[in-house]
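Reading through the structure tokens given below for one structure.
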Amino acid sequence: MTVPRREPLSSAADMPQQDEGKKPPMETAPEQRWKLQVFYLCFYGFMTQIRPGESFITPYLLGHDKNFTQVEVTNEITPVLTYSYMAVLVPIFLLTDYLRYKPVLVLQSLSHISIWLLLVLGTSVLAMQLMEFFYGVTMAARIAYSSYIFSLVAPSRYQRMASYSRSSVLLGVFTSSVLGQLCVTLGSVSFLILNYVSLGFVTFGLFLTLFLERPKRSLFFNRAEAACNGAAPAELDKMASGDKMDSGDKTDGGKVMGGWRQAVLCRMLREVCTVAKQSRLQLWSCWWIFNSAGYYLVLYYVQILWNDIYPARDNQRVYNGGVDAASTLLGAIASFAAGYLKIRWALWSALVIGVVTAIQAGLLLFMNTTGNIWLCYTAYVLFRGSYQFLVPIAIFQIATSLSKELCALVFGVNTFFSTVLKTVITIIVADKRGLGLSVHPQFYVYFSYFSLLALVYLLMAMVVIVRHSRRAQPPELIPTEGQVQEKSPEAATVQA
């Protein structure tokens, strides 16, 4: 996230008298400007998702167009995506903030163009591995778009603008999937032509990127203007002043600013270690790390599983686009519904996570054992929907007790550890230098992985519920001697 641009404040005495109900021109123009910027950014987010060939990349590689073997795609080409994402995640995270978003969005668009040029022109395994590398770059660069919008609006509008930007992306993914499926099924368009169409759309996306306005401020590295313009101090500014007081530095503002630029990330990391002691943050961060790693591994290899269950010779009988559209729609509905779920999360979080994870494990086992491609499609849609149901809950539970800066850093750290775990699993399970398992044994591994996670979460839930029930029980009262005599007059007579 970024520090929002604040408009210069003016006093009432400096403003000319206006009729009531009329906005001064100085207020109307900036408001119209940021609305246009948000609209353009959402349009950009929608258009850059229109890549109708994306849902059919695996059957394209395995089909007569490229003629790669399933072993090559599973154990040599696809693992590069995980490795490249791991390699570029941290550099792009830092460059996004340092370069103020737009250059990274340009890099993302150039990477998309490189992907489809290699898909169309490449013929070797090395070319497809390079294609997967650029795919990892585009995935890591998504943070630039999700953060960019917060530089355009005031903090009071963050939640609404975030929903607008996310909705535009989901709508773009849905439209792209439907368009690709219609082209293949009804239009009899070949996968190669579909990739040419995708190349045209991503080239248009680069054209749109050039007209994005570059923000003047960012979260970590570009905050000097915010301080000069009278912006309210945020977490980083407070830490900067803390550094100044601790070191006794009384020099000018430039040296102070340079000092916190070097020290603030370390201070933020130490602050993350402090807040990490919260049980709620620990639980949902663990879910983010472990479940996200398994979820994305399933997404990377599921098209290979579909091709193994139903190796369609006719492109018109490949329904990957329709499945992606259905899973995107269900994910959006599940995310929306999660916002209205009102329970005592401090008590039931572990149980909800455990039940959902157990359902995901069952769906993975069903996907791997069924011979019916339509049942496999259905299980996959439910698998994605169950994950998307928990995503907004996790975001809220993690972010609710953190400042904006700490929240961004916590999500960055969680994503990094998830990527490390995903890379380790890929090296051991999928890479030809490891076990080099084919797709069905891989999905048995993923089923075991989610089953183990579900068992751990359910055990945690039992511990939490037992502790809560013990605390809820009132302590047993020890009756006093007077109470005993009052309740037992016969005993008093005997004693007399």
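The values are calculated or read from the model by the stated rules, or taken from the named source; none is laboratory data. From a predicted model like this one, the values you see are computed outputs, not experimental measurements. For neighbour counting, all protein chains shown are included, and Cβ atoms are generated from backbone atoms with ideal geometry for every residue, glycine included. Ligands, DNA and RNA are excluded from the accessible area calculation, which covers all protein heavy atoms including side chains. Shrake-Rupley method; radii C 1.70, N 1.55, O 1.52, S 1.80 Å.
Summary of computed values
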quantity	calculated
Qualifying residue in region 452-472 (condition: of a type in the set (Ser, Thr, Tyr) and in contact with a Leu (Cβ under 7 Å, 6 or more places away or on another chain))	no
Residue match in region 126-143 (condition: touching a Gly at 6+ places or on another chain (Cβ under 9 Å) and farther than 29 Å from Pro311 by Cα)	yes
Enumeration of residues in region 164-213 that are open to solvent by 50 Å² or more (accessible area, probe 1.4 Å) and not in a helix (DSSP H, G or I)	Leu186, Ser188, Leu210, Phe211, Glu213
Odd one out for Cys376 among (1) open to solvent by 20 Å² or more (accessible area, probe 1.4 Å); (2) closer than 20 Å to Leu62 by Cα	(1)
Any hit, region 395-404, residues being more than 30 Å from Val463 (Cα to Cα) and part of a helix (DSSP H, G or I)	yes
Conditions (1) of a type in the set (A, V, I, L, M, F, W, C); (2) open to solvent by 50 Å² or more (accessible area, probe 1.4 Å); (3) closer than 22 Å to Tyr296 by Cβ; (4) free of Cβ contacts under 8 Å to residues at least 60 places away in the same chain: number failed by Val80	(2)
Complete set of residues in region 309-329 that are among the aliphatic types (A, V, I, L, M) and either open to solvent by 40 Å² or more (accessible area, probe 1.4 Å) or within 14 Å of Leu194 (Cβ to Cβ) (or both)	Val318, Ala326, Leu329
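Rundown of residues vs (1) among the β-branched types (Val, Ile, Thr); (2) within 25 Å of Ile289 (Cβ to Cβ), yes/no style:
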residue	(1), (2)
Ala87	no, yes
Ile92	yes, yes
Tyr98	no, no
His112	no, no
Ile149	yes, no
Cys183	no, no
